[in-house]
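Enquirer: Input: one structure, supplied below.
The values are calculated or read from the model by the stated rules, or taken from the named source; none is laboratory data. This one's a predicted model, so the numbers in the text were calculated from it and none came from an experiment. With ideal geometry, Cβ positions are generated from the backbone for all residues, glycine too; neighbour counts draw on all protein chains shown.
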Amino acid sequence: YPTELTNADGDKVCIGHAYQYSLVVGEMQAVFEGDKIAECGGRPHYLLSNDIQVSDGIVTTYEPIKTALEDSDVFSFVEPDAELQSMLQEYQGKVEEFSAEVLAQVPQQICSQEIDLPRRDGCADIMSSGAHRLVAEAFLNSVPEADFAIQNGGGVRSGISQGDFTVGDAFNVLPFANTLVKLELSGSEFKQAMEEALAYSISDGGSTRAYPYGAGIRYSVDLTKEKGSRVSNLQVWDKGSSSWQPMTARATYVMVTNSFIAGGQDGYDTFYRVSERGRARNTGIDYAQSLVDYAREQEVLKRPQEFATQSYVPVGDK
């Protein structure tokens with residue numbers, strides 16, 4: 001820490017990343033020669049309180065653990081600031097009040113169960129994920145001019161329990177600081193992006209959470225085939241005729257997705273290139289807020305029965 005790279009001119013570049021939600025404070029030290037960096041250093045500070053509790057049966061004494069954490073050059077023990085704690089408590093009460101608002105009723109549990117994982121008890125015995133489908137439907141509800149919506153697997157972090165669905169639940173399902181982005185792209189560009197994401201999902205350095213889930217679109221996936229041939233039978237829901245129509249390579253479509261993959265993350269490189277060419281617009285709508293609005297309008301969130309993935313052949317079936 002930090003990571004040292006070089007830019008296109010061969011100059012040193014130092015990159016520090018401090019994790020998320022203020023859990024870690026990043027410390028960067030840099031020495032300059034003129035306007036260029038000569039050397040850099042620093043460390044992350046993972047903040048811990050002094051009243052850490054040790055799980056039963058893990059260790060018999062706490063002090064050796066604390067000593068090891070202090071010597072790690074990563075963890076730092078801090079005392080809460082009383083004045084700041086008092087200020088935060090006021091805001092915490094407002095957050096709790098805001099989060100408790102009931103938006104809708106959920107007759108049946110709607111699970112987040114990604115396509116490559118075993119089906120879970122209490123969830124519908126389906127190939128795809130109900131929670132991901134619902135999120136994609138919420139995207140389309142917030143951006144009705146879009147033809148279809150795509151959500152990557154990793155962006156949905158919780159299922160939806162039976163009973164009351166609250167504002168807090170919506171932000172647990174979609175906890176990141178993503179916004180909704182509209183992209184204008186051709187059918188061939190969309191297929192290319194899908195192929196990229198699927199290749200990333202099964203690559204050594206990638207993640208299965210890149211897998212695409214959607215609404216207003218459907219497709220078949222066969223991961224045993226070569227890159228470029230893994231996605232087939234692409235169809236888009238035509239609102240005018242209320243029917244599924246084949247996606248054509250040269251036709252232009254409007255897609256709504258989250259800002260994370262619109263920026264090319266999780267292997268969606270073509271989405272990034274489309275954005276760089278000026279064919280993207282960030283709506284400014286928080287992606288969790290889209291789920292809040294959708295749930296409030298629906299009043300009842302039903303377990304989805306239709307999914308974007310029509311058939312799926314995993315790598316292991318090759």
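Enquirer: Among Ser129, Ser186, Ser142, which is buried (at least 24 other Cβ atoms within 10 Å of the Cβ) and either of a type in the set (Ser, Thr, Tyr) or modelled with pLDDT under 95 (or both)? It would help to see each step written out before you state the result.
Expert: Working: Ser186 fails: buried (at least 24 other Cβ atoms within 10 Å of the Cβ); Ser142 fails: buried (at least 24 other Cβ atoms within 10 Å of the Cβ).
It is Ser129.
Enquirer: Please verify whether region 241-248 includes one or more residues that are in contact with an Asp or Glu (Cβ under 8 Å, 6 or more places away or on another chain), free of Cβ contacts under 8 Å to residues at least 12 places away in the same chain and assigned by TED's automatic domain parsing to the domain that holds Arg133.
Expert: Yes: one or more hits.
Enquirer: Also, I was wondering about something else. Taking Glu83, is it in a helix (DSSP H, G or I) and under 27 Å from the mean Cα position of the chain (by Cα)?
Expert: no
Enquirer: Follow-up question, since we're still on this one. I need the full set of residues from region 143-191 which are among the β-branched types (Val, Ile, Thr), in a loop (DSSP other than H, G, I, E, B) and touching a Lys or Arg at 6+ places or on another chain (Cβ under 7 Å), in order please.
Expert: Val143
Per-residue answers, yes or no, for (1) touching a residue at least 40 places away in the same chain (Cβ under 8 Å); (2) farther than 24 Å from Gln20 by Cα:
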site	(1), (2)
Leu88	no, no
Gly93	no, no
Gln109	yes, yes
Asp125	no, yes
Val135	yes, no
Val143	yes, yes
Gln151	yes, no
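Enquirer: When only residues in region 263-313 that are hydroxyl-bearing (Ser, Thr, Tyr) and touching a Ser or Thr at 6+ places or on another chain (Cβ under 9 Å) count, which is farthest from Ser188 (Cα to Cα)?
Expert: Ranking the candidates gives Tyr294 first.
Enquirer: Show me the helices (runs of 4 or more DSSP H) found entirely inside region 234-318 where at least 3 residues are touching a helix residue (DSSP H, G or I) at 6+ places or on another chain (Cβ under 9 Å) and surrounded by fewer than 20 Cβ atoms within 10 Å (Cβ to Cβ).
Expert: Per the criteria, 269-276, 287-298.
Enquirer: Quick check on Ala8: is it exposed (fewer than 11 other Cβ atoms within 10 Å of the Cβ), small (Gly, Ala, Ser) and assigned to a helix (DSSP H, G or I)? Show your work before the answer.
Expert: Working: exposed (fewer than 11 other Cβ atoms within 10 Å of the Cβ): yes; small (Gly, Ala, Ser): yes; assigned to a helix (DSSP H, G or I): no.
No.
Enquirer: Let me ask something else about it. Name the residue, out of Val300, Val315, that is modelled with pLDDT under 95 and among the hydrophobic types (A, V, I, L, M, F, W, C). Write out each step before concluding.
Expert: Working: Val300 fails: modelled with pLDDT under 95.
None of the others qualify; the one that does is Val315.
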